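Inspection log for the structure reproduced underneath, given as structure tokens.
Only the coordinates and a few stated rules stand behind these numbers; no lab work does. Because the structure is a prediction, the values reported are computed rather than measured. Methodologically, a virtual Cβ is constructed for each residue, glycine included, from the backbone with ideal geometry; neighbour enumeration extends over all protein chains shown.
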Amino acid sequence: QVRLVESGGDLVQPGGSLRLACVISGTIFRIYAMGWYRQAPGKERELVAIVASGGNTNYAESVKGRFTISRDNTKNTVYLQMNDLKPEDTAVYYCNLAPALSKWGQGTQVTVSS
């Protein structure tokens, strides 16, 4: 059974940085594209970044140039480096396969506020 465990969320001031991590177990991690998703209060969950099994990446326009997704197949881990954070980045962040499975982890809260 696939298990997704996100970590690294925190309260940060605008312009600050955070690095999120997600450990995946129960699947052959290296063969799947992975994504970071986020859900802000009152909004639908959205995909913000994807990293393919071969390492190619793609980003939502709202985070392009500020966020960097990466993966370490030896650790079954996917990362999201977030720089120049803005209040509108406030959300619960989740990782999942891309396209996503129906099962989700608990997510990690990112709050950007002064």
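Longest segment of the chain with no GluC sites (Glu not before Pro) in a DSSP loop having at most 13 other Cβ atoms within 10 Å?
Working: sites that count: Glu44, Glu61.
Longest stretch, sites excluded: 62-114.
What do you get when you divide the Cα radius of gyration of the chain by 2.2 N^0.38 Å, with N the number of residues?
The chain yields a ratio of 0.99.
May I ask you to list the trypsin sites (Lys or Arg not before Pro) in segment 28-63 that are in a DSSP loop and have at most 11 other Cβ atoms within 10 Å of their Cβ?
Taking segment 28-63 and a limit of 11 other Cβ atoms within 10 Å, the loop trypsin sites (Lys or Arg not before Pro) found are Lys43.
Let's see if you can work this out: charge +1 on each Lys and Arg Cβ, -1 on each Asp and Glu Cβ, no other charges. What is the dipole magnitude of segment 1-58 about its Cα centre, in debye to the nearest 20?
100 debye
Taking Cα pairs under 8 Å and at least six residues apart, what relative contact order does the chain come out at, in percent?
37 percent
If you put +1 on each Lys and Arg Cβ and -1 on each Asp and Glu Cβ, how big is the dipole of the chain around its Cα centre, in Debye rounded to 20?
Computed about the Cα centre, the dipole is about 300 debye.
With the contact rule set at Cα under 8 Å and sequence spacing of 6 or more, what percent relative contact order holds for segment 1-63? All intermediate terms of the calculation are to be shown ahead of the outcome.
Details: 78 pairs, mean separation 14.5, N = 63.
Rounded, it is 23 percent for segment 1-63.
Starting from the Cα-Cα distance between Asp84 and Gln13, subtract it from 0.36 nm times their residue separation and give me the gain in nm to one decimal.
Roughly 24.6 nm would be gained on extension.
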